[in-house]
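Visitor: Shown below is the structure under consideration.
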Amino acid sequence: MSSYDDSPDGTGPAPEETNSPARVGTVVWGLTVVALAALLIISRLGIVALNGTYVLIGLMIGAGAALIFGGLLSARKRDNKPTTGKS
């Protein structure tokens with residue numbers, strides 16, 4: 001047992017919060033895979049003729065932009081805590 005205990009009742013360490021949102025990368029790559037699967041189904045049904053190279057280029061550009069944008073939003077959200085003046 002340590003001599004320093006910061007829990008309010010002294011019974012042990014405070015539990016960590018379990019409220020963790022989904023990661024931006026996981027959501028973006030999941031949406032990319034779903035979009036690719038939907039495009040493959042549409043092209044196999046013969047509704048639209050797709051060029052595979054252009055589809056992959058478009059998906060990678062979209063996924064990259066979403067990762068950058070999501071990372072910036074996540075960093076902005078994380079930086080809203082007030083500073084204590086200590087380093």
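Visitor: Report yes if Ser74 is out of contact with any helix residue (DSSP H, G or I) (no Cβ under 7 Å at 6 or more places or on another chain), open to solvent by less than 100 Å² (accessible area, probe 1.4 Å) and either modelled with pLDDT of 85 or more or among the hydroxyl-bearing types (Ser, Thr, Tyr) (or both), otherwise no.
Guide: When the stated conditions are applied, Ser74 does not pass them.
Visitor: Something else now. Considering each residue of the stretch 41-71, count those that are at pLDDT 85 or above, open to solvent by 80 Å² or more (accessible area, probe 1.4 Å) and among the aliphatic types (A, V, I, L, M), and give that number.
Guide: Of the residues in that region, 8 qualify.
Visitor: For the stretch 42-72, which residues satisfy the criterion of being touching a residue at least 12 places away in the same chain (Cβ under 8 Å) and either farther than 23 Å from Val27 by Cα or β-branched (Val, Ile, Thr) (or both)?
Guide: Val55
The values are calculated or read from the model by the stated rules, or taken from the named source; none is laboratory data. Everything quoted here is computed from the prediction, not taken from an experiment. Every residue, glycine as well, gets a Cβ built from its backbone with ideal geometry; the counts of neighbours run over all protein chains shown. Accessible surface is based on the protein model in full, side chains and every heavy atom, while ligands, DNA and RNA are left aside. Shrake-Rupley method; radii C 1.70, N 1.55, O 1.52, S 1.80 Å.
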